[in-house]
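This report concerns only the one structure given below.
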Amino acid sequence: MCHTEVKALKEASKHAALACSVCHEKTKEHLANPGPDTRPVTKLDPAVCGSCHKNQYSSFFDVHYPEGGARKEKGTPVGRSPMQDKLLAPYGFTFEHNEPRGHAYMVIDQFAVDRFQGGRYQFKGGWKNYAKNGKTWDVLEDKGESYKLTESAMAGNPTCIQCKTSDLVLKWKYLGEKGGKWDRTSKVTEVVKDVHNPVGCIECHDPHGAKPRVIRDALIAAIDKDPAKNIFAKNGKTDLKVVSFRDGFRKIGVMEQTDSRLMCAQCHVEYNCGPGSQWSNGAKVGFNDIRTNHFPLQNALQLLQHYKDLDFFDFKHAVTGARLIKLQHPEAETYAGSVHDKAGVQCHQCHMPKLKGKDGKMFSTHGVVKPINMVKESCVTCHPGDSVAKKKYEIQTIQNYVKGKMRKAEYWLGQLIDTYKLAQVTGVAPSVLDQARAKHEEAHVLWEYWTAENSDGFHNPDLARESLTKSIAASKAGVKILNDAMLAAKQENKK
Amino acid sequence: MCHTEVKALKEASKHAALACSVCHEKTKEHLANPGPDTRPVTKLDPAVCGSCHKNQYSSFFDVHYPEGGARKEKGTPVGRSPMQDKLLAPYGFTFEHNEPRGHAYMVIDQFAVDRFQGGRYQFKGGWKNYAKNGKTWDVLEDKGESYKLTESAMAGNPTCIQCKTSDLVLKWKYLGEKGGKWDRTSKVTEVVKDVHNPVGCIECHDPHGAKPRVIRDALIAAIDKDPAKNIFAKNGKTDLKVVSFRDGFRKIGVMEQTDSRLMCAQCHVEYNCGPGSQWSNGAKVGFNDIRTNHFPLQNALQLLQHYKDLDFFDFKHAVTGARLIKLQHPEAETYAGSVHDKAGVQCHQCHMPKLKGKDGKMFSTHGVVKPINMVKESCVTCHPGDSVAKKKYEIQTIQNYVKGKMRKAEYWLGQLIDTYKLAQVTGVAPSVLDQARAKHEEAHVLWEYWTAENSDGFHNPDLARESLTKSIAASKAGVKILNDAMLAAKQENKK
Amino acid sequence: MCHTEVKALKEASKHAALACSVCHEKTKEHLANPGPDTRPVTKLDPAVCGSCHKNQYSSFFDVHYPEGGARKEKGTPVGRSPMQDKLLAPYGFTFEHNEPRGHAYMVIDQFAVDRFQGGRYQFKGGWKNYAKNGKTWDVLEDKGESYKLTESAMAGNPTCIQCKTSDLVLKWKYLGEKGGKWDRTSKVTEVVKDVHNPVGCIECHDPHGAKPRVIRDALIAAIDKDPAKNIFAKNGKTDLKVVSFRDGFRKIGVMEQTDSRLMCAQCHVEYNCGPGSQWSNGAKVGFNDIRTNHFPLQNALQLLQHYKDLDFFDFKHAVTGARLIKLQHPEAETYAGSVHDKAGVQCHQCHMPKLKGKDGKMFSTHGVVKPINMVKESCVTCHPGDSVAKKKYEIQTIQNYVKGKMRKAEYWLGQLIDTYKLAQVTGVAPSVLDQARAKHEEAHVLWEYWTAENSDGFHNPDLARESLTKSIAASKAGVKILNDAMLAAKQENKK
């Protein structure tokens, strides 16, 4: 009775016995009179799945109030990126860039941040409802097109929302090409009206086949381009079967075995989701260009070359004019090849440990956790001889070390920027400034990657060290180029 | 038997039955031979009130040792004003500027700080007695006029002490004009000898009438100037009856109903208590001028214009020469018009919650608290459905957001100062420097207000956001003016 | 049967009854055929002493996992030296400079730090073994001569290791002169192979005489030079009898009474252990020069003059070229003359408080503690009326105050360095730069001392204040010299 692709998925699945009407509305009308005009409406509310999968559902939405509150700006002395106002100027993230809250808030917090559309989406009732989650428009209100906060930015676009919600899955053609209700060039303030839920169950679980899956288009495209050698491949292949629906309107990737590295990589990667410019000629790259929905799947050491090959950069630095990459959250690329990855550990083992539900059953918590807050369940399961105190100590030791390198990388980037300005206004030759600017381009991505990655280096301390120290070395080289030129000019003047 | 004004107050009061001798010494002599030569001596020690009001008294002086110790310099990376050494140079507060201790220490800490009179007032016995409170000169010693610590300042004057003690109430003519034992021009090192107690019961409670009252002269003057529209007025009037004693030597303001917004505003406001200069002509303004004892009762957005109208500024910045305002603790102006103010909440409901005393009676604690340390008693009373963890989370969320903006405002003020210096030494035209300096004057007060205000924005998050982002915008404008001029000069040179 | 010096020590000692073979191997062969070829081998493993002194031994090696982990870089906003990357450039400590772990890690952490020999000594098995201690080469591995981490330094030399281990006691001639297996000029990568244990029991306890003693050569030399007036002397003499072995190959200092001020001063002092240059003529000072193993025993206020008299400085600053001293951990010099020192309190009373062992006996813990983590045992023993909360409050109050001054000193040193650079490139005269550089030399040591000292000023708050504020004053004077010159040049140009 169903479509071929769906039928194939549903056969022999745990969900085989469920009637279509459990997840689809208007099935009766459709069956009575099949055709596009009576197409059933898919229920996208995670509560539909939650009616059976109670523990998973409630753990996703339950809030554990963290010590320290929310809306922690990264650009403060104790934040992850104390010098971002200098180092990222004039990029939108300098207007507000917070440490993240839990998944239940991923849409809300994205819309309400000061850098998103001038701050027009505000919490209903103001600050007192800041702890609320649920349907987007129950929590937020639209202050309207003319509302613009001082010192806000106009960021946000249809592509970046693909990593925040599953609601658009049926309205967004593969890679955001034209043809669906929404595409990459749609007006973001229209698209947001259609977003009611954060990324939900169907992002990772095929509702028909009950198999593990991925639906994020740019991830599927990146793996499909090189199934043998991408960061998830083992023994020359990736456990991901790409299934195409409706003549390629939509593709999904189905796994044989759960691989949370892939599931989480739908969002926890560096991806390009905004307009930019070309290295080759400086030309603008707009949303009509497929490069505005792109997953590199490359790590900190590889990204600059990757983006040069792609002929794309995000923005120019306010002082040096360096062509810079703004990183998203590249956890998957960082984790790839790490000690834990090589040992076969996947994301969910640390971040979704098994807990006992109210019904007494063990379940994988979907309130994705920081392992340091749940060491017994997350770490000690695999390291049974160790105490919680010892594991915390080890985690924090790695993070302290990496933070030390981050602060040094920031100091030297700051020195490079300040020295550039001094060199520029005291008349150092443009050819010398060009050399220093190239060092800035090199040093930047090797550093900024680690302020976007959410583990403070724990996912891969060796990669963090290599990347950050190479950033420091590049910045120092840039500073030296400028200082040498200024002192040489001084000597010249004396003669 | 008493003076007319006092009689009027005392009639029908709860204190009506108390003999004058409870609070006044030498009443017998005075009654036997009335006249100024036998004038009774008022007992100013709060212990006199405390003999009946035991819970209130003991809660004021009991110390709860806070985690983290005292003498926390604000000018550190984790303090409230990490960049103050650059941003406030060369003002006295850069020599030492601490996060406050409790009210019992308000006199002691003011006298012992490194910026007060060269540091000549030190704790008896040194650091080991730093937790002691009580009578000023039991705790502190005067090291003498010739004692001067390296890197200390000579701040302190008779007016600023009016917000630290009630001891001078009978010796200080209204607004500090000449005529009392002490006036605005008195030598501060003489005045301090007469200060034995912190602000006491009589500051807020009329001892004769047992009515709520205020005695701080500049507050009374500010309200008296505009009783219909000041920040405390409701429905076009302020519940404050001004009573004049001894032919205007002294005025007090008596309320019908307790309004802690007024009581606390005797000190918790921006006030001018030091010498300065005039915008109009740069002329010095000394203590003989009434503007050195002045309450604006205006908020962050209004203050620059207010002080321009008053023709007064505090100091010039060390680098830019900008004419700057040094803020005191403007809690009352910040709170005015906030969500909580509009809901009718007064200061004491959050900061002096009801506790059970040793005698089993409920009383309003006079050990004025940070609500975040007493959420159950302070917040949950009015928000009964909420958990302590949730309220803490909400408070910290607001504070984190505002701190983020403060750090940004500081970054951009710092950029403006550094860029000014660079522009100045590389020869940018004075007219351009003037424009940038004006931006500094604008940006400064919009920021510094929030380092002086003690709630990290919680008292009024919307005002905090507006003020701080306007500061950022002004600083950025100043930086742009200077950068444009430097780069234009560079272009010019090339031709 | 034993050597004269040893016999004298052993007579009437608690250890008199122990057979030589308890602590020495091959004694039988040596007795059968005495002579250098059959010289017994001394067992240097602290476990030998630990077989009797169980509590002391186990407390030394037991790890209490501190909250916050290890490898805390000092050069971060919350570390002890937030601006070190600017202020210490280009010195080796800028590559990695951590807050210390316990004594059990002193060798391991010294070898594994990024500034030591290019980072070639790494934890076996990587980060997961970071909590391990024990024999050096059970924990660490040598990655080989060609291994060099990016942004590491090549620090480390035979002298600096003398404060980390007692293992070399029989192979190192007095003061590291040539004649032993190792001397000051030995290749450090060879010496480290011979280091298996951290500083052990025999550093402070004479194994023959069971008397308190010291063996660190440069300490003995410094006291010997002036036994009447050094920082440990009381009533014109020091309780230290210097005993010479093997014709002066080795000297030890034996005390009548335990004086932990002396025992701890074997390492917890400022000492010179590296190459440098001469103030007089800039000539290099290498390891062949005895000044590379030198204890000044002078405090922050005295050290600059001391090193000028010694004609030695460590390095030149990257920007100003100022001749700077890099401080080690000058706890002994700081403590000398403090309130606690005058009261007769020694180091062990606060840092090695009495605890009850597993055997029920009280013993002085050899897991040397931060008193703030053990206030009851450390502070309250002598201050019995005080609560733990109060003592913590007092400690933190002093540390907060001193940290405030440290941050100010750093700000002003940074201003001096940045202003120097600006002055230099805008053409300020060399004679003016020289004056500013001299101020930098003065200001630096008065500050850096306190980032190396481990008490955040608690050991001697008055000395800390005087030193740090003098640093600030010197930096400000330097900035003023440069600013005045730049503004004067500007005026000159206008004419």
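With the label 7 angstrom out along Cα to Cβ, how close does A:Ala488 come to the same site in each of the other copies, in nm, nearest first?
3.2, 3.2
For the range B:1-119, give the percent of accessible area contributed by carbon and sulfur heavy atoms, probe 1.4 Å, rounded to a whole number.
On the range B:1-119, the fraction of accessible area on carbon and sulfur atoms equals 58 percent.
Rounded to whole Å and ordered largest first, report the semi-axes of the equivalent ellipsoid of the range A:13-103 derived from its Cα gyration tensor (root of 5λ).
Listed largest to smallest, the semi-axes of the range A:13-103 are 45, 20, 9 Å.
Specify the inter-centroid distance of the range B:414-444 and the range C:312-357, based on alpha-carbon positions, in whole Å.
43 Å
Averaged across C:155-166, how many Cβ atoms of other chains sit within 10 Å of each residue's Cβ atom?
The per-residue average across the peptide is 0.
A 32 angstrom limit on the alpha carbon distance is what I want to check against. Which of A:Lys392/C:Lys408; A:Lys370/C:Lys164; A:Lys54/B:Lys390; C:Lys308/C:Lys354 exceed it?
Too far apart for the 32 Å limit: A:Lys392/C:Lys408; A:Lys370/C:Lys164; C:Lys308/C:Lys354.
Over the range A:118-179, average the accessible area per residue using a 1.4 Å probe and give it in Å², no decimals.
41 Å²
Distance check, please: which entries in A:Lys86/A:Lys421; C:Lys225/C:Lys251; A:Lys284/A:Lys316 exceed 19 angstrom between their Cα atoms?
Violating the 19 Å Cα-Cα cut-off are zero pairs.
For the range B:52-156, count the residues as N, evaluate 2.2 N^0.38 Å, and divide the Cα radius of gyration by that value, please.
That works out to 1.17 for the range B:52-156.
Ignoring ligands, DNA and RNA, how do A:Lys178, A:Lys284 rank by accessible area with a 1.4 Å probe, largest first?
A:Lys284, A:Lys178
Could you work out the local net charge near A:Pro353, counting Lys and Arg as +1, Asp and Glu as -1, over the other residues with Cβ closer than 9 Å to its Cβ?
Taking every other residue near A:Pro353 into account, the sum is +1.
Along Cα→Cβ at 7 Å, what distances in nm separate the C:His64 label point from those on the other copies, shortest first?
Shortest to longest, the spacings are 2.7, 2.7 nm.
Tell me: how much accessible area in total is hidden between A and C, 1.4 Å probe, Å², nearest 100?
3000 Å²
Got a number for the accessible area of A:Cys201? Probe 1.4 Å, square angstrom, nearest 10.
50 Å²
Using the basic label-point model (7 angstrom from Cα toward the beta carbon), what is the A:Asn235 to C:Ser21 distance in nanometres?
Roughly 6.1 nm, to one decimal.
Order C:Thr4, C:Thr38, A:Thr451, most accessible first, counting only protein heavy atoms with a 1.4 angstrom probe.
Solvent-accessible surface, decreasing: C:Thr4, C:Thr38, A:Thr451.
List, largest first, the extents of the alpha carbons of the range A:266-387 along their principal axes, each in whole Å.
Sorted from largest, the Cα extents of the range A:266-387 read 61, 29, 27 Å.
In the range C:417-435, what residues drop by 50 Å² or more in accessible surface going from the chain by itself to the full protein assembly, probe 1.4 Å?
When all protein chains are present, C:Lys421, C:Leu422, C:Val425 each give up 50 Å² or more of accessible surface.
Could you give me the percent of Cα pairs per 5 Å distance bin for the range B:358-484, shortest bin first, beginning at zero and ending with the bin that holds the maximum distance?
2, 10, 17, 14, 12, 10, 9, 7, 6, 5, 4, 2, 1, 1, 0
Of all DSSP beta bridges in chain C, what percent run antiparallel (nearest 5)?
90 percent
For the range C:367-455, what % of the accessible area comes from carbon and sulfur atoms, probe 1.4 Å?
53 percent
Determine which residues of the range C:436-458 fall in the zone a paramagnetic label at C:Lys225 would reach in this model, i.e. backbone nitrogen under 12 Å from the point 7 Å along Cα→Cβ.
none
What are the label-to-label distances in nm, one decimal and shortest first, from A:Thr189 to the same spot in the other copies, with labels 7 Å along Cα to Cβ?
Spelled out, the distances from A:Thr189's label point are 6.5, 6.5 nm.
Using only alpha carbons, build the gyration tensor for the range B:155-211 and give me the equivalent ellipsoid semi-axes, biggest first, whole Å.
They are 21, 13, 9 Å, listed from largest to smallest.
Could you work out, for the protein assembly as shown, what percent of all Cα-Cα pairs fall into each 10 Å distance bin, beginning at 0 Å and stopping at the bin that holds the largest distance?
1, 7, 13, 18, 18, 17, 13, 8, 4, 1, 0, 0
Using only Cα positions of the range A:123-258, each an equal point scatterer, no hydration layer, compute I(q)/I(0) via Debye at q = 0.09, 0.10, 0.16 Å⁻¹ and quote the log10 values to two decimals.
The Cα Debye sum returns log10 ratios of -0.36, -0.43, -0.92.
At 0.36 nm per residue, and after removing the present C-alpha to C-alpha distance, how many nm does the segment from B:Cys382 to B:Lys135 gain when stretched out fully?
Extra length available between B:Cys382 and B:Lys135 comes to 85.2 nm.
When the convex hull of the Cα atoms of chain B is projected onto a plane and the area is averaged over all directions, what value comes out in nm²?
Averaging across all directions leaves 26.6 nm² for the Cα convex hull.
Sort C:277-283, B:42-48 by the packing proxy (mean of other Cβ within 10 Å over each peptide's residues), most packed first.
B:42-48, C:277-283
For the range A:116-143 and the range A:6-34, write down the distance between their C-alpha centroids in whole Å.
Going from one Cα centre to the other spans 36 Å.
Per residue of chain C, what 222 nm ellipticity follows from adding -39500 (n - 2.57) for every DSSP H run with n ≥ 4, rounded to the nearest 500?
-11000 deg cm²/dmol
If I take the rotation axis that carries chain C onto chain A, which residue of chain C has the nearest beta-carbon, and at how many angstrom?
Here the value is C:Pro77, 2.
Could you give the accessible area per residue of the range C:3-59, probe 1.4 Å, as a whole number in Å²?
Per residue, the range C:3-59 has an accessible area of 70 Å².
Partner chain Cβ atoms within 10 Å, averaged over the residues of C:73-80 - can you pull that number for me?
Counting Cβ atoms of other protein chains within 10 Å of each residue's Cβ and averaging gives 6.
What net charge do the residues around A:Lys284 carry, taking every other residue with its C-beta under 15 Å from that of A:Lys284, with Lys and Arg at +1 and Asp and Glu at -1?
Computed value for this residue: +1.
Which percent of the Cα-Cα distances in the range B:204-315 go past 16 Å?
63 percent
So what is the accessible area of the range A:288-388 per residue, in Å², with the probe set to 1.4 Å?
It amounts to 47 Å² per residue over the range A:288-388.
The values are calculated or read from the model by the stated rules, or taken from the named source; none is laboratory data. These numbers come from a predicted model, not from an experiment. With ideal geometry, Cβ positions are generated from the backbone for all residues, glycine too; neighbour counts draw on all protein chains shown. Heads up: the accessible areas ignore ligands, DNA and RNA and are worked out on the full protein's heavy atoms, side chains in. Shrake-Rupley method; radii C 1.70, N 1.55, O 1.52, S 1.80 Å.
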